[in-house]
Amino acid sequence: MTGPSTFCFLNKYGSLEEGWDNPKSEKLWVYNLHYFDDLNAQNSEDRRAWHDALIKRWISENPPGQGSGWEPYPTSLRIVNWVKYSIDGPGLDQSAEYSLAVQARWLMRRLEWHLLGNHLFANAKALVFLGVYFDGPEAEKWRTTGLKILKRELPEQLLPDGGHFELSPMYHALMVEDLLDLLALVAVAEEPSLRRLGHVLREALRRALRWLAALTHPDGGIAFFNDAAMGVAPDNAELMDYAMRLGLQAPPSPSSKHLVDSGYLRLELGTATLLADLARIGPDYLPGHAHADTLSFELSYGAQRVVVNSGTSVYGLGAERLRQRGTGAHSTVTVAEQDSSEVWSGFRVGRRARVTVYEVQTTGVEMGFAASHDGYRALPGAPRHSRQAKLTQTGLRVVDQVSGNLPAQARYFLHPDVSVTHDGSTAQLTLPNGEQIHVSADGPMHADPSSWHPEFGLSRPSTCLVLPLVSGQAGLTMSWTLTPA
């Protein structure tokens with residue numbers, strides 16, 4: 001919140017003078033307007049007068065059932081934010097508490113069973129918060145319903161290796177925040193069922209925090225697989241601080257590990273960290289946040305990201321959303337300029353790539369993987385993409401093969417802070433601290449202008465190295481010798 005009626009969400013500014021449902025604004029921006037996240041943001045006490053006035057204005061200008069703010073998901077997030085605001089401050093006034101009860105009754109009749117996933121989890125979390133905040137039989141029903149949903153959904157949505165089943169590090173971080181909020185609520189509630197929930201939450205968080213650490217680059221930010229961007233979920237340091245304030249121990253420092261249940265791989269050797277996607281597209285019934293990024297990887301050298309996926313800066317139904325979800329926006333191989341999984345509309349997937357993992361090596365002086373997928377099976381000849389990667393103390397070797405005779409390209413997107421000097425089949429990458437990585441291709445290679453999208457509403461110019469496959473194969477070698485500063 002930048003003023004009594006002005007806001008910045010998703011790196012875009014707007015004003016309430018344009019209304020609560022401005023048709024010129026993106027849907028996600030409008031949702032953020034109704035979330036009321038700023039009530040509990042850093043230094044929020046400095047804006048309490050704005051917040052109190054904003055709550056009153058929302059009540060008077062958003063009649064029950066009208067507008068985006070009454071959709072179940074923003075209603076759920078707003079309910080939690082209002083309750084947290086009341087617990088941490090002087091409390092809600094009578095009109096706000098009355099509105100909160102109306103929102104609770106509205107939500108109870110509109111739980112998002114048709115969507116499931118993080119939406120239903122948010123609904124359940126809101127009901128539990130309401131059931132603790134209010135007293136009486138109706139509040140008990142809200143609490144009981146929320147707890148039943150959590151009991152059903154937590155084992156479904158949190159995989160045995162600790163990853164969120166939608167396989168997006170960003171949505172995983174949001175789930176970690178949800179679990180921490182529920183654990184914090186348990187600490188102020190006296191209901192025995194909630195105390196029992198506390199034990200379940202602590203065990204879930206132990207696994208979830210360990211997974212989050214594994215999918216984090218040395219710079220402290222999440223990897224960009226599927227829908228992922230910074231600035232939506234709290235950053236990892238904030239989540240860890242929250243966890244430790246609730247008595248949870250920090251997970252061990254991440255190391256090389258194959259997260260078999262979610263399908264991701266982390267390799268650390270010397271100065272390099274490699275994060276690879278050997279995963280399925282996501283839950284069969286809920287692929288909405290999936291990208292066609294199968295067998296892509298990201299690479300950091302020291303604390304600097306070097307090879308990246310392009311990230312996510314928009315939702316909705318536009319061409320840019322489709323491009324960012326497509327294979328061609330990720331550090332992997334495209335065949336005949338098609339997507340490895342059939343992403344369409346804003347949140348839909350048709351045909352999905354199926355991965356076969358042949359080898360994973362997470363120990364020794366050479367680490368790596370060998371895997372393939374059949375995402376291009378609908379093309380003539382049913383081509384299959386195979387990728388082998390080997391990481392050593394002094395470099396990375398990647399070999400891609402595609403069966404059949406269709407044209408194919410391997411793309412390696414570089415972080416915007418990495419400058420490139422390109423000459424035929426070789427390139428020199430210069431990092432911000434002056435260190436260099438030498439790149440050589442087995443065959444032709446060219447550099448294309450590209451873009452990186454670390455946050456919603458944000459695009460940074462970058463470079464992409466493109467290797468056409470010759471006779472169905474392309475190889476890339478990255479070499480480094482110096483220790484990063």
Notebook entry, point to check: How many residues, within the range 217-245, are in contact with a Gly (Cβ under 6 Å, 6 or more places away or on another chain) and aromatic (Phe, Trp, Tyr)?
Noted result: 1
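Filter the range 157-199 down to residues that are of a type in the set (Val, Ile, Thr) and surrounded by fewer than 24 Cβ atoms within 10 Å (Cβ to Cβ) and give me whichever is nearest to Leu278 (Cα to Cα).
Applying the filter and picking the extreme gives Val186.
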Next item on the list: Check His258 against each of (1) within 29 Å of Asp374 (Cβ to Cβ); (2) at pLDDT 95 or above; (3) within 17 Å of the chain's Cα centre (by Cα); (4) not aliphatic (A, V, I, L, M) and name the one condition it does not meet.
Entry: (3)
Next item on the list: Output the residues belonging to the range 312-341 that are buried (at least 24 other Cβ atoms within 10 Å of the Cβ) and small (Gly, Ala, Ser).
Entry: Ala329, Ser331, Ser340, Ser341
Notebook entry, point to check: Which helices (runs of 4 or more DSSP H) sit wholly inside the range 1-112 and have at least 2 residues that are of a type in the set (Lys, Arg)?
Noted result: 48-61, 72-88
Next item on the list: Just name the residue that is nearest to Leu396 (Cα to Cα) out of those in the range 364-380 that are in contact with a Ser or Thr (Cβ under 7 Å, 6 or more places away or on another chain) and outside any strand (DSSP E or B).
Entry: Glu366
Checklist line | Restricting the range 398-451 to residues that are over 17 Å from Leu469 (Cβ atoms) and among the acidic types (Asp, Glu), the residue that is surrounded by the most Cβ atoms within 10 Å (Cβ to Cβ) | finding: Glu435
Notebook entry, point to check: Out of curiosity, is Thr356 assigned to a strand (DSSP E or B), among the hydroxyl-bearing types (Ser, Thr, Tyr), within 19 Å of Ser450 (Cβ to Cβ) and in contact with a Ser or Thr (Cβ under 7 Å, 6 or more places away or on another chain)?
Noted result: no
Margin query: Tell me the residue from Ser296, Ser300, Ser310 that is in contact with a helix residue (DSSP H, G or I) (Cβ under 7 Å, 6 or more places away or on another chain) and at pLDDT 95 or above, please.
Written below: Ser310
Notebook entry, point to check: How about the range 287-313: which of its residues are under 15 Å from Glu166 (Cα atoms) and either under 15 Å from the mean Cα position of the chain (by Cα) or not assigned by TED's automatic domain parsing to the domain that holds Val399 (or both)?
Noted result: Pro287, Gly288, His289, Ala290, His291, Ala292, Asp293
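Checking the conditions here, which among Ala237, Ala229, Ala213 is of a type in the set (Gly, Ala, Ser) and buried (at least 20 other Cβ atoms within 10 Å of the Cβ)?
Ala229
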Notebook entry, point to check: Is it true that Tyr412 is hydroxyl-bearing (Ser, Thr, Tyr), at pLDDT 95 or above and in a strand (DSSP E or B)?
Noted result: yes
Check: In this structure, is Val200 in the same structural domain as His119 (by TED's automatic domain parsing), over 19 Å from the mean Cα position of the chain (by Cα) and more than 25 Å from Phe369 (Cβ to Cβ)?
Finding: yes
Checklist line | Selected residue (only one of Ala243, Ala292, Ala272 is crowded, with 22+ Cβ neighbours inside 10 Å, over 30 Å from Thr392 (Cβ atoms) and either in contact (Cβ under 8 Å) with a residue 60 or more places away in the chain or not β-branched (Val, Ile, Thr) (or both)) | finding: Ala243
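Taking the range 78-100 as the region of interest, how many residues are of a type in the set (A, V, I, L, M, F, W, C) and surrounded by fewer than 20 Cβ atoms within 10 Å (Cβ to Cβ)?
Of the residues in that region, 3 qualify.
The values are calculated or read from the model by the stated rules, or taken from the named source; none is laboratory data. Quantities reported herein were computed from a predicted structural model and do not represent experimental measurements. Counting neighbours? That spans all protein chains shown, and the Cβs are built from the backbone with ideal geometry, glycine included.
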